[in-house]
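Below is one structure; the comments refer to it alone.
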């Protein structure tokens, strides 16, 4: 539980550090269709350097066993990279999860995630990060979080 505390503290620090967010570098409105895992298979709406997301989340907490969740959360975007109108950047996210099967069925969980989103071409982007997942009665799990999405800048 100590690792989750420090991970959450770092995420909170990053989300509240205005110099890191550089809001002027991010589009005012963006809608992303997330096709794989990070943050979930679903939708994400971003306003400048903050976003909300919701969807279906799959992960392998044990080898060859897929655990499924419904996931909703908020994300802070910081340290934009490059000169594109919609730059690549780092992100920190906290989420609520509801388990759908295995040891987490009908159980609440929380997660904190840190990662990087690379804007590959136009709206196509790839993510790589790490998530800490915590739930009562379970040990904290740390897992990689790859993702692929397509983002639309809204005018």
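Readers should treat all values here as calculations from the given coordinates under stated rules, not as data from a laboratory. This is a predicted model, so every value here is computed, not measured. With ideal geometry, Cβ positions are generated from the backbone for all residues, glycine too; neighbour counts draw on all protein chains shown.
Structure above, values below:
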| item | result |
| --- | --- |
| Relative contact order for region 11-155, counting Cα pairs under 8 Å that sit 6 or more residues apart, in percent | 23 percent |
| Quotient of Cα Rg and 2.2 N^0.38 Å for region 65-155, N being how many residues it contains | 1.23 |
| Spin-label model distance (nm) - residue 102 vs residue 50, 7 Å beyond Cα toward Cβ | 3.3 nm |
| Spin-label model distance (nm) - residue 28 vs residue 81, 7 Å beyond Cα toward Cβ | 2.9 nm |
| Residue 120-residue 138 pseudo-label distance in nm [points 7 Å out on the Cα-to-Cβ vector] | 2.9 nm |
| Share of pairwise Cα separations in region 59-99, more than 15 Å, in percent | 61 percent |
